[in-house]
Every structure is written in C-alpha cells, then in structure tokens.
C-alpha cells in the first residue's frame, strides 16, 4: 500500500535531502530553424529576391540554461539536466517562440500537472462545457475530441451533458486517471496517422496545448482533417500580451514552444483551412487566457477578435518584447533581495504551490533552500519530490501546517484569488504572502 505523502516526517525529508546525490546530464536537443508559424527562416530586405537576406527569427530573451519545469525529481534522482531557454521573435509573422527543442519524451511521458487539482479550473471547465454544448446544440450523436485531455476534467463535464467523448493524452500516468474515471482516452500524440483512424467529430478542444506543439502547422492540419464540415475547433491559450505586460517570465519554459498573439495564430490557422471567428477572454485564468473559436468555413471575425488584434499591435510587438527582456532581470533581482531581507530578519519563508512555472522563477532568480524551506502543494503526484535545480522539497498542505512559515512566496500566482480566500486563517494569524508579479509585493489580511 502506498505511503501517504502527508505522513512523511520532517526529519525524514531532511535526511533524504542530505543523502541525495545529483549530477547534470547532457541530452540531445534539436533546433527549429524556420518559424513554426509562417515557415520562414529568412527573407529579402529589398523588393528583389536577389536582395540581401535577413533572418526572420531573432533571439530576444535569454533566461540561460534551466531545468525542465514539470520534471520534478525524486530525492534519489541522478538527473537534473538544464537546457537552453531562449525566446525568439519572427519578424515576418510576429510569432514569439522557442527554437531549441527538448525531446517530447523527456517532458510528456510522465506528467505531474492535474487539471482537477484546482477548484478554479474545475469550475472554469464546467462552464466551458455548458457554453459550448449550448452554442453547438450538442447531443448524444455528437463526439467531442479533447487533445491533451489530462485527467479528463473537461470531458467529464461534456459527458454530464450527454455528449460522447474521447481524450488524447500522451502522459500515461495522467491518462490512466482519466480512464479510471470513465473517460475514454488514447495514450498517443495527436497526429495525422492517428486522426485517420478516428471518426469525424463535431468539436475538437485543445486547452493550453497549442503552446506545446512543435509542428504547429501539421497539428492544425490534423485538426482540420478530423473536423466535420459543421464542426468547431475550440482552444485556450495564455495571451502573450498579458505575459509581457505582467512581466510573468515564469510562463516561459521548455514545454511552451510558442507564445501566441492573434496575428500569427490567425495566419497559421487560415493557411491550414481554419478561420478564427470568435474569442472569449478570461483575465483571471492562468494570468490571462483567451478562448478561440475556429471554423472550417469562413465567417466575419467577431468584434472582440478585431479589438484584441488591434491591442496587440503595441502590446505584443518587437518593442514590447524588447522592453520585457530588459525588465525581467531587474524584477528577478528585486524579488530575491526582498526575500533575502526577510531571511536576515529571521523570517521563515516557504513556497505556495509547485507549478511548472515555479521551476523557472526559482532557478532564474537564484531562490534555493537557503531562502525557501519547502513548497506546499495539494497535488499528490508532486508531494515528496523536489523542484528541479533548486531542489526544494514539495510537501502536502497538511505537513506544511505543522511547520508554518511567516511568509509564503506565491508560486501559483495565477490562482491568487482562490488561494488568498482559502488561506484566510493564515493571513488572519499574521501570515503574509509575497506575490511576484507584475511587481513583487506583500499581501496581508
């Protein structure tokens, strides 16, 4: 019978940490030379094809060599390999992206993020299913295909409303959770070979998945192939304008290959036979998320599509990215200095949450075990493991309450409101949070 994570004693955590040995390992990487949005690697500076040529993709933000964000370590792990993390800008289509690719088997075979771990996301996906069911008038004759279906949270919401569902989830450990909950799930990557084995569907959903896709155009072509003529492709993505405006550089990690604005996304969709017709915007989901609706048939884009596209002209262009790149190191130094000052005052500090973004924030800022005692997270798959690089132990909330800090660094800042409401007792007793973005600040009762 598995040991309950909450039963781990602090003494055992300390002993295991002292006994763990780590070494860096080198893994193969590849580089994506042309832009994954428009396919261009260079273009002529003048009007003639014989004019001098300019690189389409230029490096803009270099976060250095950092470990894989979701690859939490066991205390006996011997691999903690860092990979380059450099953000590029395409001068041709304006897509912001990574060019250095980590093999996807390194990132997605065993996954620790569960949608159901967040009450906010559970409620969000329930409303999602309700809205789309009404919009398309889905019935038991219709099938919903969710790509990157995780633990089946969204598909269960569609099942409750009578639709037939199928999930595609490459992470075996997560797919097994969905299957156990009664959600049919294929443990595969979504590609044309797989799509040709599937029936045509009325609805394809992909939430926070397009950012992970290396061959973007192939992925979109596969979506177009599997959709019925009256079908709809619905997807959610972090809006890059929010990432830049909020300074949330921890959203940049190796799984997130693309950081989408509407201009490059609309172009990529169109070139694979899909048309962005509508948007919904959720500023409180993951620090700013848009839900896109793409159809195989052309429709005039909604007012919100046009409005957000216009905003991007200034908020997600080359100059906005350049300014972001200059702010990031300053924010990192400021945050670390704040925490070091608290430590000098004798304050105890811990991390709240162990999301993927925590790996980037902590390693880039140099926030290790000399500053944070532990990170508390509700996800059982994460408890008893270590955040890569900085090797901060992840413990259950029950264990954290036996040794509460004076301050929590809010690593799961994208669920700020939910967490502050949940931790009202901690705040009322004098505890405080340090929220890192958009600028580091203290939050108390």
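Each value in this text was obtained by applying a stated rule to the coordinates, not by laboratory testing. The structure displayed is predicted, hence computed values, not measured ones. Don't worry about glycine lacking a Cβ; one is built from the backbone with ideal geometry, like all the others, and counts go over all protein chains shown.
Do you know the relative contact order of the range 357-431, to the nearest whole percent, from alpha carbon pairs under 8 angstrom that are 6+ apart? The partial results should precede the final answer.
Working: 68 pairs, mean separation 20.2, N = 75.
Relative CO of the range 357-431 lands at 27 percent.
How far is helix 262-271 tilted, in degrees, relative to the longest principal axis of the Cα atoms in the chain, given as a value from 0 to 90 rounded to the nearest 10?
Taking Cα atoms only, the helix is inclined about 40 degrees.
Subtract the Cα-Cα distance of residue 282 and residue 127 from 0.36 nm times their separation in residues, and report this length gain in nm to one decimal.
Details: separation 155, 0.36 × 155 = 55.80 nm, distance 1.22 nm.
Here the answer is 54.6 nm.
Compute the helix-to-body angle for 10-19: its Cα long axis versus the longest principal axis of the chain, expressed 0 to 90° and rounded to tens.
Helix 10-19 sits at roughly 80 degrees to that axis.
Pairs of alpha-carbon atoms within less than 8 angstrom and 6+ residues apart define the contacts here; what relative contact order does the range 171-258 have, in percent? Let's see the in-between values first.
Numbers: 82 pairs, mean separation 27.2, N = 88.
Taking the mean separation of contacting Cα pairs over the length of the range 171-258, I get 31 percent.
Could you tell me the calculated FRET efficiency between residue 188 and residue 161, based on Cβ-Cβ distance and R0 = 25 angstrom, to the nearest 0.05?
On the way: r = 25 Å, r/R0 = 1.02.
My answer for the efficiency is 0.50.
For the pair residue 341 and residue 40, what calculated FRET efficiency results from E = 1/(1 + (r/R0)^6), where r is the Cβ-Cβ distance and R0 = 60 Å, to the nearest 0.05?
Values: r = 48 Å, r/R0 = 0.79.
Working from the Cβ atoms, E equals 0.80.
For the chain, modelled as a GNM with alpha-carbon contacts under 10 angstrom, which of 35, 90, 365 fluctuates the most?
365
Gaussian network model of the chain, Cα springs within a sub-10 Å range: biggest mean-square fluctuation belongs to which of 198, 262, 321?
So, out of 198, 262, 321, the one fluctuating most is 198.
I need the peptides 161-170, 344-353, 405-414 ranked by packing, meaning the mean over residues of other C-beta atoms within 10 angstrom, with the highest value on top. Don't jump to the answer; show the numbers that get you there.
Details: 161-170: 20.9, 344-353: 17.1, 405-414: 23.7.
The most tightly packed comes first, giving 405-414, 161-170, 344-353.
Between residue 76 and residue 403, what FRET efficiency comes out of the Förster formula 1/(1 + (r/R0)^6) with R0 = 22 Å and r the beta carbon distance, rounded to 0.05?
On the way: r = 23 Å, r/R0 = 1.06.
Efficiency for this residue pair is about 0.40.
Considering the chain as a Gaussian network with a 10 Å cut-off on Cα pairs, which listed residue, 157, 140, 316, attains the greatest mean-square fluctuation?
Answer for the Gaussian network model of the chain: 140.
To the nearest 10 degrees, how steeply does helix 318-344 sit against the main Cα axis of the chain, on a 0 to 90 scale?
10
Mind jotting down the distance between the C-alpha centroids of the range 340-396 and the range 123-149, whole Å?
36
Could you work out how much longer the chain between residue 200 and residue 439 gets when fully extended? Use 0.36 nm per residue separation minus the Cα distance between them, nm to one decimal.
Details: separation 239, 0.36 × 239 = 86.04 nm, distance 4.67 nm.
Stretched out fully, the residue 200 to residue 439 stretch lengthens by 81.4 nm.
I want to verify the translational diffusion coefficient of the range 332-443 in µm²/s; compute it with Stokes-Einstein, Rh as the Kirkwood radius over Cα pairs, at 4 °C and 1.567 mPa s. Before the final figure, lay out the partial values.
Numbers: Rh = 13.8 Å.
Rounded to a whole number, D works out at 94 µm²/s.
To one decimal place, what Kirkwood hydrodynamic radius in Å is obtained for the chain from all pairs of distinct Cα atoms? All intermediate terms of the calculation are to be shown ahead of the outcome.
On the way: mean 1/r = 0.0436 Å⁻¹.
Answer for the chain: a Kirkwood hydrodynamic radius of 23.0 Å.
Starting from the Cα-Cα distance between residue 334 and residue 230, subtract it from 0.36 nm times their residue separation and give me the gain in nm to one decimal.
Values: separation 104, 0.36 × 104 = 37.44 nm, distance 5.18 nm.
Net length gain for the segment: 32.3 nm.
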